[in-house]
Amino acid sequence: MKNLKNAKKTYENIEIPEELKKFTKDMIKENKPKNNFKYFYASVASLALFFIVGINISETFATSFSKIPVIGEIVSVISIHGKKIDEDKTITTDKPVISSENKDVDAITNKVNEEIDAIVNEYTKNAEQHIKEYKEAFIATGGTEEEFNAKDIKVDVSYDVKSESKNHLSLVLNANESWANAYNISYFYNIDLNTGKDITLQDILGDDYINIANASIKSQIEERLKTDENAMFFGYGDNEIEGFATIIDDTKFYINENDNPVIYFDKYEIAPGSMGAIEFEIKK
C-alpha cells in the first residue's frame with residue numbers, strides 16, 4: 001500500500017463524488033464526538049481517501065467500505081470490503097487499513113498495512129488456484145460443472161480488533177476456504193505503537209514467560225477436562241497422540257481487554273478437530 005503521505009497528495013488532487021461528500025457529512029452528523037475531534041475528522045478524511053483510491057485500483061473486486069470508531073488515542077481502523085462472485089466460488093474480503101495523524105506512528109501503520117495487503121492478495125490468489133485444481137480433479141473423476149458449482153465454495157478474509165490503547169494495537173486477520181480446513185489461517189498482530197515493534201510474550205510476562213505460560217496452559221487443560229465431559233486434548237485420557245508440551249517463539253497469541261496474552265492453538269494442533277481452535281488466557 002502506498003505511503004499515507006503519497007496517498008494524501010493523490011487524495012488532494014481527486015475530485016470527490018457528490019455521493020461520497022453526502023456520505024461524509026451524514027457520518028459526521030451521526031457520529032459527532034464529544035472529544036477527540038482531531039482524530040475523528042482525520043479518520044473521516046482517510047475514509048474518503050481510501051474509498052477513492054480503492055475503487056480506482058481494484059478492478060477484480062467490487063469494493064465497499066465502513067468505518068470502525070477511533071481506536072485509542074492514536075490510530076483508527078477503516079474496513080475495506082471486497083467481493084468477487086463467480087459461478088463456482090465467492091471471495092469476500094474485509095481488510096483493515098490502519099491510519100494515524102501522528103507522524104511517529106505513521107511508519108508503523110504503513111508497515112502493517114503493507115503486510116496485511118500482501119497477505120490478503122496472496123491468500124486470495126492462492127485460494128483461486130486451490131479451487132481451480134480442486135475443480136479439475138473433481139471433473140476428472142466424473143463430476144460435472146453443475147455439481148461443482150452447487151458446492152457454493154466460499155473464501156473469506158476478515159479481521160477482529162482484540163484490544164487497543166494509546167500504547168498498543170492487537171488484531172487478528174482470519175482467512176479461510178469453506179471446503180478445506182488446511183487453508184484456514186489466522187495472522188496475529190500485537191504492535192507497540194511507541195516503538196513499532198511486535199509485542200512478545202516475554203514483553204508481557206517477563207523473562208520466565210515460557211514456564212509461566214506452560215504451567216497455566218496445562219492447568220487450564222486439566223481443569224477443562226474435569227469440568228467439561230466433552231473436552232478432549234491430545235496426550236490425555238485414552239488419546240495417545242502427543243499433546244501440548246510447551247509454547248515456542250512462534251506460538252500465536254493476542255492481547256485481550258485485560259491486557260493479558262491469550263495463547264491461540266489452531267484446530268487439530270493440540271486437540272481433536274471437534275474442539276475447534278483453542279484459547280488460553282495467561283493472567284499476569
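The values are calculated or read from the model by the stated rules, or taken from the named source; none is laboratory data. The shown structure was predicted, so the numbers you read here are calculated from the model rather than taken from an experiment. Please note: Cβ atoms are built from the backbone with ideal geometry, for glycine as well, and neighbour counts cover all protein chains shown.
Assigned to a loop (DSSP other than H, G, I, E, B) and under 20 Å from His168 (Cα atoms), is that true of Gly196? So Gly196 fits the description; yes. Would you mind finding the one in Gly237, Gly206 that is within 30 Å of Asn102 (Cα to Cα) and surrounded by fewer than 15 Cβ atoms within 10 Å (Cβ to Cβ)? After applying the criteria, what remains is Gly206.
The residue of segment 70-86 that is surrounded by the fewest Cβ atoms within 10 Å (Cβ to Cβ), among those that are among the charged types (D, E, K, R) and modelled with pLDDT of 90 or more, is Asp86. Selection of first residues in segment 74-92 that are acidic (Asp, Glu) and of second residues that are in a strand (DSSP E or B), restricted to Cβ pairs under 9 Å at least 6 apart or on distinct chains, gives the following pairs, ordered by first then second residue: Asp88/Ile153.
Can you name the residue in segment 186-207 that is under 26 Å from Glu122 (Cα atoms) and of a type in the set (Gly, Ala, Ser) and is also farthest from the chain's Cα centre (by Cα) among such residues? The qualifying residue farthest from the chain's Cα centre (by Cα) is Gly196. Of the residues making up segment 94-102, one or more are closer than 30 Å to Asn167 by Cβ, surrounded by fewer than 21 Cβ atoms within 10 Å (Cβ to Cβ), over 17 Å from the mean Cα position of the chain (by Cα) and not polar (S, T, N, Q).
If the condition is being touching a residue at least 12 places away in the same chain (Cβ under 8 Å), over 15 Å from Val75 (Cβ atoms), surrounded by fewer than 20 Cβ atoms within 10 Å (Cβ to Cβ) and hydrophobic (A, V, I, L, M, F, W, C), then segment 107-122 contributes only Ile119. Residues in segment 181-204 that are of a type in the set (Gly, Ala, Ser) and in contact with a strand residue (DSSP E or B) (Cβ under 9 Å, 6 or more places away or on another chain): Ser186 alone. Annotation note: Cβ proximity below 6 Å between a residue of segment 269-280 that is over 11 Å from Gly243 (Cβ atoms) and a residue that is acidic (Asp, Glu) and surrounded by 13 or more Cβ atoms within 10 Å (Cβ to Cβ) (sequence gap 6+ or interchain) occurs for Ala277/Asp266.
The set of residues from segment 157-171 being surrounded by fewer than 18 Cβ atoms within 10 Å (Cβ to Cβ) and either assigned to a strand (DSSP E or B) or among the polar types (S, T, N, Q) (or both) comprises Ser158, Asp160, Val161, Ser165, Asn167.
Do you know which residues across segment 226-258 are in a loop (DSSP other than H, G, I, E, B) and among the polar types (S, T, N, Q)? Within segment 226-258, Asn230, Asn239, Thr246, Thr251, Asn256, Asn258 meet the criteria. In a residue-by-residue description of segment 124-144, the property of being among the acidic types (Asp, Glu) and within 30 Å of Asn194 (Cβ to Cβ) applies to no position.
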